[in-house]
Amino acid sequence: MRDTFSLRAHHWLILIGALVYGTIYAGMLDVRGIAGWFANRPEVAKAFSDPNFGRGDALILVFSTLFLGPLALLLGLLLLVFVLAVFGGFLLPIMRWFRMPDWFATAAVLGGVVTAMWVYSDLWLPRSLWFMGLLARACKIVISTA
């Protein structure tokens with residue numbers, strides 16, 4: 001009976017995608033406004049403004065992000081799984097000594113990774129926002145001059 005109502009990973013992805021599409025279609029999520037905000041940030045406002053090579057540079061950035069972005073996300077996910085496995089393995093004897101379930105070691109390491117990302121967000125968040133702005137600006141230039 002449990003198998004009938006359980007959702008697999010692709011079911012969750014389809015459900016989340018349908019919900020995001022529904023919120024965009026209903027106008028509750030303004031994607032153009034968000035992309036415009038990123039594209040008009042002061043640090044990227046003058047990017048791709050060269051009259052000869054600006055559009056070409058923007059096109060190269062968009063396509064290289066589309067092709068290399070999934071690879072970078074996969075490598076980041078593999079790094080996260082590696083960190084969870086290694087440090088979870090270090091914590092496993094401690095968790096067993098306290099008679100806690102084995103999955104609690106992985107959950108504790110994941111909590112530590114999230115905490116470390118929050119503590120060091122001043123190192124990676126400005127660069128990520130800059131790149132998102134640069135990508136939004138490149139998409140805006142490629143789409144508007146097509």
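The values are calculated or read from the model by the stated rules, or taken from the named source; none is laboratory data. Source: prediction; values computed, not measured. Quick reminder, even Gly has a Cβ in these numbers, built from the backbone with ideal geometry, and neighbours come from all protein chains shown.
What to note about this one:
- Residue in segment 58-77 that is outside any helix (DSSP H, G or I) and either touching a helix residue (DSSP H, G or I) at 6+ places or on another chain (Cβ under 6 Å) or farther than 30 Å from Cys139 by Cβ (or both) present: no
- Filter result for Leu29 (of a type in the set (A, V, I, L, M), surrounded by 13 or more Cβ atoms within 10 Å (Cβ to Cβ) and either free of Cβ contacts under 8 Å to residues at least 60 places away in the same chain or touching an Asp or Glu at 6+ places or on another chain (Cβ under 7 Å) (or both)): yes
- Residue that is under 27 Å from Ala138 (Cβ atoms) and aliphatic (A, V, I, L, M), where the choices are Ile14, Ile34, Ile94: Ile34
- Residue check, Val44 at pLDDT 95 or above and either surrounded by fewer than 10 Cβ atoms within 10 Å (Cβ to Cβ) or under 13 Å from Ala136 (Cα atoms) (or both): no
- Among the residues of segment 86-111, those identified as part of a loop (DSSP other than H, G, I, E, B) and either in contact with a Ser or Thr (Cβ under 7 Å, 6 or more places away or on another chain) or exposed (fewer than 15 other Cβ atoms within 10 Å of the Cβ) (or both) are Phe98, Arg99, Pro101, Asp102.
- Odd one out for Ile141, checked against (1) modelled with pLDDT under 95; (2) more than 30 Å from Val44 (Cβ to Cβ): (2)
- All positions within segment 17-36 that are at pLDDT 95 or above and within 22 Å of Phe131 (Cα to Cα): none
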